Amino acid sequence: MPPAPQRAIPSVDRLLHAIAPSDLPRPFVVQALRHHLAALRSAPAIPDFETLVADLNQILAATARQRLQPVINGTGILAHTNLGRAPLSTAALAALSSVAGGYSNLELDLDSGERGPRAAYLEQSIALATGAPAATVVNNCAAALILILRHFTAGPRQEVIISRGELIQIGGGFRIPEILESSGARLREIGTTNQTTLDDYAQAIGPHTALILRVHRSNFFMEGFVQSPSIADLARLAQERAPEFGPAGLPLVEDLGSGAWVDLARLAPLDHEPQPHESLQAGADLVCFSGDKLLGGPQAGLIVGQTERIRALKKDPFFRALRCDKLVFAALQATVESYLHARSTRDAPPPEGIPMLDLMRIPLETLHGRGEAILTRLGTLAIQVTLGEGRSQIGGGVCPRSHLPSVNLVIRPHTQSVEALSRQLRHHPTPILAFIANDTVQIDLRTVFPHQDDLLVQALQRALSLT
Ligand SMILES: *Cc1c(COP(=O)(O)O)cnc(C)c1O
């Protein structure tokens, strides 16, 4: 006879009828139920039926929260990697919905009716916008870098010259030296963390050199006794030494990371962020950067530079494994066109309608007005919500030194911990991502879209009336 507790385990069917309705696919619900019941078989005691149902409801709600879904970004970090980086423009969304739901001329020449090049118009637009002779697109900037490194170190020359000051880590698990080595390249580290001279580069160039790599130290800054040659100095050096390298020359590659296409100082009090056209003008052969950081488009890795080198990269068999799909092309094409349309005159202001840029230029008064309106609408709660000074950040490893002045909702819960309140906000049907500072829960209004203010008010009323 089985031990008593096992007999107390209710049937899957009975539980399925008792749990709260869920829009999770049924196999998920059944699986969660079976797992839970299986775990109970080895538990010392079986909870009563109501407790079991409540536990299951919690498990299913937690599973549902793991689905990809919209959230309200109250962190004040504009290009938050955990929150999907750049929100897309209305134009990009329209392009997505018109191209994605049907067939498109993705790889077809509508003139000849024959197979055509993928994204030729997009590549030309990117080249035009960055003043590059040629351009191409892969899945992300890490992929762009790996493609470049693999391609140029595939032959007998395998050394990549890089300054020790640029062997950086970008986000979780993306370390430049590891990327380099996994691409089959050999690292030739030169200089020290804070000092690398042009002479260090000159001395490292030899028969094994495949390329010189510069990585923009986007996510931190160094001050004090710091020196490294400019991209223009490196370009002159690469040119001088080119004869040692035959017709292919000595490529100078720059990984810019963030890929701003406008001078950020024109939008907000931000540090200068290098732009691809500046690197190309200074003499870089190839420049790669992300599509979903400062550019404000979909996840993509853009490569701009010399026509021959871009052509060679596109012919590399590995390129096929990194190519983008129609969704990325559609959204990126619309984003790039927004920049080009805005360039009708030489000194035209940066484009409007790209959320990444629009969020940067929201004036403080506007945020104050919205904050006041939210406080009024919150009415009398058991708890005081106030407005505080905010400091939004660009995020995505960009402009680590700069902050945008902002307005925060500041909530000091008294019957629950700040952690409990933040969790409760994350568990709202439209999850709200707040942050904790000075023992308060805060929501930076710059990254909350105005159309989300209603939801924010509702969520706060719900969370705080319980506090
Ligand atoms: C962000 C960043 C990358 C990685 O870009 P992804 O598009 O996320 O792959 C590479 N290099 C630098 C310098 C970066 O800042």
Sorted by chain and then number, the residues having a modelled amide H within less than 5 Å of the amide H of Ala134, at least 5 places away or on another chain, are Gly305, Thr307
Lys/Arg +1, Asp/Glu -1 at C-beta; segment 215-365 dipole; positive extreme among Ala235, Ile362, Pro298:
Pro298
All-pairs Cα distance distribution in segment 19-58, expressed in whole percent, bin size 10 Å
28, 55, 16, 1
Neighbour-limited loop hits for GluC sites (Glu not before Pro), segment 73-131 (at most 10 other Cβ within 10 Å; DSSP other than H, G, I, E, B)
Glu114
In a solvent-free Debye calculation with one equal scatterer on each Cα, what is log10 I(q)/I(0) for segment 271-375 at q = 0.18, 0.19, 0.23 Å⁻¹, listed in the order of the q values?
-1.08, -1.16, -1.39
Please report Rg (one decimal) and Dmax (integer) in Å for the Cα set of segment 36-80.
17.0, 49
So which aspartates and glutamates can Lys293 reach, going by Cα to Cα under 13 Å and dropping same-chain residues fewer than 8 places off?
Glu273
To the nearest µm²/s, what D does Stokes-Einstein give for the chain at 25 °C and 0.890 mPa s, using the Kirkwood radius over alpha carbon pairs as Rh?
96 µm²/s
Semi-axes of the equivalent ellipsoid for segment 47-169, Cα gyration tensor, largest first, Å:
41, 27, 17
Estimated inter-spin distance, Gln124 and Arg343, nm [label 7 Å along Cα→Cβ]:
1.4 nm
Going fewest to most other Cβ atoms within 10 Å around each Cβ, Phe245, Phe28 line up as Phe28, Phe245
Kindly put Tyr103, Tyr201, Tyr121, Tyr339 in sequence by how many other C-beta atoms sit within 10 Å of each C-beta, fewest to most.
Tyr103, Tyr121, Tyr339, Tyr201
5 Å is the cut-off here: which amide hydrogens, built 1.01 Å from N in the peptide plane, fall below it relative to Ser392, excluding neighbours closer than 5 in sequence?
Leu404, Ser406
nm² value of the averaged projected area, convex hull over the Cα atoms of segment 220-260
4.4 nm²
Value of [θ]222 nm, deg cm²/dmol, for the chain, DSSP H segments ≥ 4, -39500 (n - 2.57) each, nearest 500:
-11500 deg cm²/dmol
Segment 427-467 and segment 12-85 have their Cα centres apart by a whole-number Å value of 23 Å
Cα-centred dipole magnitude for segment 18-151, charges only on beta-carbon of K, R (+1) and D, E (-1), debye, nearest 20
360 debye
Pulled fully out, how much extra length does the chain show between Thr81 and Arg401, if you take 0.36 nm times their separation in residues and subtract their Cα-Cα distance?
113.4 nm
Put in order of increasing Cβ neighbours within 10 Å, starting from the fewest, Thr307, Thr63 give Thr307, Thr63
Where the centroid of each part is defined by its Cα atoms, how far is segment 143-194 from segment 245-300 in Å?
18 Å
Size of electric dipole in the chain: Cβ of Lys, Arg +1 and of Asp, Glu -1, about Cα centre, debye, nearest 20
1100 debye
So if R0 is 41 Å, what FRET efficiency would Thr430 and Ala321 give, r being the distance between their Cβ atoms, rounded to the nearest 0.05?
0.65
Using 1/(1 + (r/R0)^6) with R0 = 22 angstrom and r between the beta carbons of Arg361 and Asn438, what's the FRET efficiency to the nearest 0.05?
0.20
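Where a number appears in this text, it was derived from the coordinates with a stated rule and is not lab data. What you see is a predicted model, and the numbers here were worked out from it, not measured in a lab. Because the Cβ atoms are built from the backbone with ideal geometry, glycine has one as well, and the counts that use them run over all protein chains shown.
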